[in-house]
Amino acid sequence: MAEVTVKQFAEVVGTPVDRLLTQLAEAGIELVDPDAAISDEQKLQLLTHLRHSHGEGVAGEPRKITLKRRSVSEIKLTGSQGRAKTVSIEVRKKRTYVKRSAVIEEDAKRRAEEDAAREAELAKLREEEDRLASARAEKQAVEDAERQRKHEEEAKQKAEEDAQARADAERRKAEADARREAEAEDRRMRAAVPRKPATPASADDKQTKYGRTELHVAHATSGRRKKKPGKTKSAVNLQMDSKHGFEKPVGPQVREVSIPETITVGELAQRMAVKATEVIKVMMNMGAMATINQVIDQDTAAIVVDEMGHKAKLLKENALEEQVLQVEHEGERVTRPPVVTIVGHVDHGKTSLLDYIRRTRVAAREAGGITQHIGAYRVETEKGVITFLDTPGHAAFTAMRARGANVADIVVLVVAADDGVMPQTVEAIQHARAAEVPIVVAVTKIDKPEADLERVRSGLAQHEIISEEWGGENIFVPVSAKSGEGVDKLLDSILVQAEVLELAAVASGPASGFVLESSLEKGRGSVATVLIQRGLLKNGDILLAGQEFGRVRAMFDEDGKRIEEAGPSMPALVLGLSGTPNAGDEAVVVPDERKAREVALYRQGKIRDVKLARQQAAKLDDVFQQLQEDTLAGLNLLIKSDVQGSAEALRDAVTQLSTDEIKVKVIASSVGGITESDVNLAMASKAVIIGFNVRADGGARRLISESGVDVRYYSVIYEAIDDVKKAVSGMLKPELREQIVGLAEVRDVFRSSKMGAVAGCLVIEGSVKRNLPIRVLRDNVVIYEGQLESLRRFKDDVAEVRAGTECGIGVKDYNDVHAGDQIECYERVEVARAI
């Protein structure tokens, strides 16, 4: 057989040579030259590969076959004219037959995929069941422990009740014995004294054999059926000194009425056991109109109680809180780590010093390089554990620094060696003294060439902070956060001071602490940073923090690691509260969730109720003051921040920018991102939204673009304060100032029948302009103020005459101009004001 080349084979099969060479390579045939010969075995190998690629069997058998059939038939149709015609109809049928093995293979493949998916779903369900079983087991363990505790409490209570019942039974037995002895003695005395018959009190009363009136339970005239004679049993006679033991009170009953901070009229009437209408009547006589559901304050309620003849008992404002928050810390007191607050002026190196101690980079994460949040860190050193609180140094964070000083055991005052004592340094000293905590001075930046340690000592000595080198009581430690010089000595000084203080706390029982900061995080909800002061905070405890409460769902340390419990002097990030508590609130673990909810709701409504109850009638001065405030221009702001402390600091800072003409009003201040409700509130109150480290969500952004509400985003607090200050300055009315333009001296006076007196002048300073006001001076005293009527240079009217030029000036409506007078030309200029 003649050899066939690849090129010839490509022409036979009708495909390009390049395509055929590619197919040969895919089939495993090594032919790259178009002129190379191709054998029959290679052709068969190529055909088998192509069939495989097109889904056909290995042996060349098709997976499916299609049969086409065509049949032709004729029908006769009758036309409209009666003629018949024959029409050929062709019917084509197409039927496809699939190979059974292919169908079986596809079914097996599909079933395998379904089985794999089913197995994956079953594995997922088994994993979910295991997780739920584990959760149920944990919950069951907690419930069993709670049930065991309740059972023990009930057993203890039952034992106490049984003991009390036994004591009561013994007391009643003793009383009965005493009564029987008294009755026996009475009978013996009666037997010794002769008896006289007593006169019956009435016809219905009968005499006993002892001469006493017999008291019957029912009269003979009652409607009861009388028994037959002979079957009546002996009647039981009650021997009493009088017919009944009830007497009418001789005077009105005086009750002691407990009055809380606020109370409704109906509740007050119920406590006095009188009708509410009587209380309302008494209040009307006193000149106060009230309804049954109206809330009145404690003083008004006390006056009403005294007016109605009862005794008022004023309850303390926090009586309910004291009842719930009676946390007993019983147990052994153990030594706890010291809580150290780092305070000082802004940019004096507080956070950098703490960075070196913690070997982290906290300062780089703070916006603008300044600390704007209270940071709580637990540092483990070679000589002990120390809890550090890093406070902001900016002037706006005064409240934060005060909270940090109040909760601390030791205050580290950071002073830069190159700057010395600054305003926030003095403020930090005052906070530390108010909290009565010892002060350790850390002089930073000693590695700088301009560092002056003696200047720092002398500056602090003026505020009674005297170093030990000068005979004082305060420890001074020069440190460098850059090189680490003096850091170990500072830690040693802190631990020595802690040993002197002998810090100790109970490390068991219900926990109590202090809220350092709170925020609202997406996916977590309300998050609060709590510093535990005593006790042990565990997952599942009921925590009451200010106006918020909740069960602790999870706790994390400062590094974000999950923890199960937190002891004294340990900061913890707590999840599970109903809202964001205020920074500075006390956090206490309470045993009952219902009581915690009552206290939280009481705290939420206390301020509102007291404010409503103590509203007084508007006085004339108040009306005038309100009218004056309404006439003032104002700048409304809505503040949204990432944490509670920053919102508080920003609110206080911008409120202090108010002036006598412009009032800065913060209509709302809260934690979390900007929502649609915030935008709607800003639209209604025409306020500017300030987002501090937060952003608007999708719905809020869409509403902002539609409404045009002004939204400003900031990450550094002093930038926000500066912008608000600029806005307030722009709203101030400009100040009018007089600026002297020119001064002309009168050399001679000319009289004109048309113009009157015309002053011939020489401009000695500046220039004289026609349209500006003037003053006429004589011996440097203003004798006239007016305007120019004419300004001429020779015979021409001019608009301006400059210095060194002679001119003629006609003063409007004034003719008493003398030689030697001076004419001062000035203009009024509006100057922008700033606060």
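The values are calculated or read from the model by the stated rules, or taken from the named source; none is laboratory data. In this text the structure is predicted, and so the values were computed from the model without any measurement. No Cβ is skipped: glycine too gets one built from the backbone with ideal geometry, and neighbour counts run over all protein chains shown. Just so you know, the surface numbers come from the protein's heavy atoms only, side chains and all, with ligands and any DNA or RNA stripped out. Shrake-Rupley method; radii C 1.70, N 1.55, O 1.52, S 1.80 Å.
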### Pairs of lysine residues in region 682-833 - Cα separation under 21 Å, sequence separation of 8 or more or cross-chain
9
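Calculate, for K812 and S685, the FRET efficiency according to 1/(1 + (r/R0)^6) with r their C-beta to C-beta distance and R0 56 Å; round to the nearest 0.05. Don't jump to the answer; show the numbers that get you there.
Working: r = 51 Å, r/R0 = 0.92.
It comes to 0.65.
Given Cβ point charges of +1 (Lys, Arg) and -1 (Asp, Glu) and nothing else, what value in debye, to the nearest 20, does the dipole of region 70-156 about its Cα centre take?
Working: 23 positive and 21 negative charges, 366 e Å.
It comes to approximately 1760 debye.
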### Task
Any chance you could run the full-extension gain for R597 through R770? It's 0.36 nm times the residue separation minus the Cα-Cα distance, nm to one decimal.
54.4 nm
### Message
If I stretch the segment between S134 and V829 completely, what's the gain in nm (0.36 nm per residue apart, minus their alpha carbon distance), one decimal?
### Response
242.1 nm
### Message
What distance in nm lies between label points placed 7 Å from Cα along the C-beta direction at E74 and R118?
### Response
6.2 nm
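Give me the dipole magnitude in Debye, nearest 20, for region 795-835 about the Cα centre, with unit charges on the beta carbon: positive for Lys and Arg, negative for Asp and Glu. Present the calculation step by step, with values, prior to reporting the outcome.
Working: 5 positive and 10 negative charges, 40 e Å.
The dipole magnitude comes to about 200 debye.
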### Cα lying deepest toward the dipole's positive end in region 693-835, options V829, I740, S752, charges on Cβ
V829
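Checking the table K150/K595; K561/K595; K522/K665; K313/K595 against a 20 Å threshold on Cα-Cα, which pairs fail? Don't skip to the end; give the middle numbers.
Details: K150/K595 17 Å; K561/K595 31 Å; K522/K665 29 Å; K313/K595 23 Å.
In this structure, K561/K595; K522/K665; K313/K595 lie more than 20 Å apart at Cα.
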### Task
Calculate one ³J(HN,Hα) per residue across region 118-131 by plugging θ = phi - 60° into the Karplus curve 6.51 cos²θ - 1.76 cosθ + 1.60, and present them in order as whole Hz with x for glycine and proline.
5, 5, 4, 5, 5, 4, 5, 5, 4, 5, 5, 5, 4, 5
### Task
Report ³J(HN,Hα) in whole Hz for each residue of region 482-494, in order, from the Karplus equation J = 6.51 cos²θ - 1.76 cosθ + 1.60 where θ = phi - 60°; Gly and Pro get x.
7, 9, x, 5, x, 5, 4, 5, 5, 5, 4, 5, 5
### Query
Which value, in debye to the nearest 20, describes the size of the charge dipole of region 472-536 about its Cα centre when Lys and Arg Cβ atoms bear +1, Asp and Glu Cβ atoms bear -1, and nothing else is charged?
400 debye
#### Entry: Cα-based reach from K311 at 18 Å (exclusive), listing aspartates and glutamates while leaving out same-chain residues under 8 positions away
E256, E261, E267, E278, D297, D299
### Task
Pull up the cross-link candidates among the aspartates and glutamates for K489, meaning alpha carbon to alpha carbon under 17 Å and not fewer than 8 places away within one chain.
D355, E380, E382, D447, E468, E469, E473, E499
### Query
What residues have an amide H closer than 5 Å to that of A27, excluding those fewer than 5 places away on the same chain, when H is modeled at 1.01 Å from N in the peptide plane?
none
### Summary
SASA check, M284, accessible area w/ 1.4 Å probe, all protein chains in place, rounded to nearest 10 Å², comes out at 100 Å²
### Computed FRET value (nearest 0.05) for T805 with E661, which takes r as the C-beta separation and R₀ as 45 Å
0.55
### Message
Suppose each label sits 7 Å from its Cα in the direction of the beta carbon; what would the S53-T96 distance come out to in nanometres?
### Response
2.2 nm
### Message
Under the 0.36 nm per residue contour assumption, what length would be gained going from the current alpha-carbon distance of V32 and A169 to full extension?
### Response
37.5 nm
### Query
Say each of Q270 and E499 gets a label point 7 Å from the Cα, pointing the same way as Cα to Cβ; how far apart are those two points in nm?
6.2 nm
